[in-house]
Amino acid sequence: MKIVCCLCLCLIPLLSHAGTLSCQGGWRWLAMAGIDSLQDNGDQTPTAGCRWNSRLTPQRRWLLPAYPSLAYERALPTEYSRSEGYIRYEAWQVSVPLLRLSKVYMLLDITSDYRQQRHQLNDLLRWQGAVLNTGTSLLLDSHEHNYRLTFDLQALETPVSAVWLNYRRQYQPVNVTINQQEVLANALLTSRTLGIGHYPSAYGIHPRLSLAIGQGDIGNDGNTAQLDDAGEQLDYLLLEGYLGIQGRYRAGQHLLLQALAGMKWRYFMLPDGDDTDAIKKDAFTSVDYGISAGLSWRF
């Protein structure tokens, strides 16, 4: 998929002649949340990536009014990452404008986020039938897919830039208590959320904000049966948001300078269990943050 994204990032600007091509470098802290027994809850890495944003204008046709927008970003392994050469991070996004309803656009956004990190345990833990001692190094990964129906409202010039419905599937290990025993289980986290966002496109320095609320569940990932064997499913309420600040400056007729710093957080609120529950898990929080800067060229 990353090869397809890279090819499209090269070809679509040549075909479209209406949009912005951006490339940037930055630094990110990437969370590995939901595993209480780790010494750290994430790792840091430098990143680099490119993005093509197609221009949406009211003069376009109502069906498929613009070319897709694309983005790709990846980690640059370095000794400054605690995982060193083991760290991996790749993220891509495809945004397809489906309909134009007057000044409102309906888009289908598909995103993928893969991260791999090396961690050490703080406590004894059972994983895949084995007992892992304190200090054991683990190579953990998380793979997330999002499918989002977005209504873009920027042309209406309202404080709310977008409203969306999102469905997420995330594969990763999580700490759970099964039959009063702490284990690390390979799990599938699914969620459905409703969100709003404020994404300014004007020049200068402006805040970027988003907030979403929904519900989801933690279940078997399809490869292991630890959670299925417990005979129960973990349901949770999800609250997530983004807070950032962006700067955009025009350096020429087509050239733009840009910078962004922000934090993305998710709070998984699980119900308090009792001694009769076969499976339990405490609430947990996931926090990513980073800073980036780069150049954009307007077509």
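The values are calculated or read from the model by the stated rules, or taken from the named source; none is laboratory data. Predicted model only: the values in this text are computed from it and were never measured. No Cβ is skipped: glycine too gets one built from the backbone with ideal geometry, and neighbour counts run over all protein chains shown.
This table checks each residue for (1) under 25 Å from ARG248 (Cβ atoms); (2) of a type in the set (Phe, Trp, Tyr).
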site: LEU140; (1), (2): no, no
site: GLU157; (1), (2): yes, no
site: TRP164; (1), (2): yes, yes
site: ARG168; (1), (2): no, no
site: ASN175; (1), (2): no, no
site: LEU184; (1), (2): no, no
site: ALA187; (1), (2): no, no
site: THR190; (1), (2): no, no
site: ILE205; (1), (2): yes, no
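Please enumerate the residues belonging to segment 53-67 that are assigned to a strand (DSSP E or B) and farther than 11 Å from ALA18 by Cβ. Show your work before the answer.
Residues of segment 53-67 assigned to a strand (DSSP E or B): 53-54, 63.
Scanning segment 53-67 gives a single hit, LEU63.
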| request: Scan LEU70, LEU99 and give me the residue that is more than 20 Å from CYS23 (Cα to Cα) and not in a loop (DSSP other than H, G, I, E, B). | output: LEU99
| task | Taking the options GLN258, GLN253, GLN215, GLN246, name whichever one is modelled with pLDDT of 85 or more and not in a strand (DSSP E or B). | result | GLN253
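One residue is enough: does segment 123-139 have a residue meeting the conditions under 26 Å from LEU260 (Cβ atoms) and touching a helix residue (DSSP H, G or I) at 6+ places or on another chain (Cβ under 8 Å)?
no
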| How many residues does segment 92-138 contain that are under 21 Å from GLN39 (Cα atoms) and among the acidic types (Asp, Glu)? | 1
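Looking at THR111, THR134 in this structure, which one is β-branched (Val, Ile, Thr) and assigned to a loop (DSSP other than H, G, I, E, B)?
Matching residue, one of THR111, THR134: THR134.
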| said: Suppose the filter is modelled with pLDDT under 95 and either surrounded by fewer than 18 Cβ atoms within 10 Å (Cβ to Cβ) or in contact with a strand residue (DSSP E or B) (Cβ under 7 Å, 6 or more places away or on another chain) (or both); does ASP288 pass it? | reply: no
| task | Quick one: count up the residues across segment 167-220 that are closer than 19 Å to SER286 by Cβ, more than 19 Å from the chain's Cα centre (by Cα) and of a type in the set (Asp, Glu). | result | 0
| query | Does ASP141 qualify as being in contact with a Lys or Arg (Cβ under 7 Å, 6 or more places away or on another chain), within 18 Å of PRO173 (Cβ to Cβ) and without any contact (Cβ under 8 Å) to a residue 60 or more places away in the chain? | reply | yes
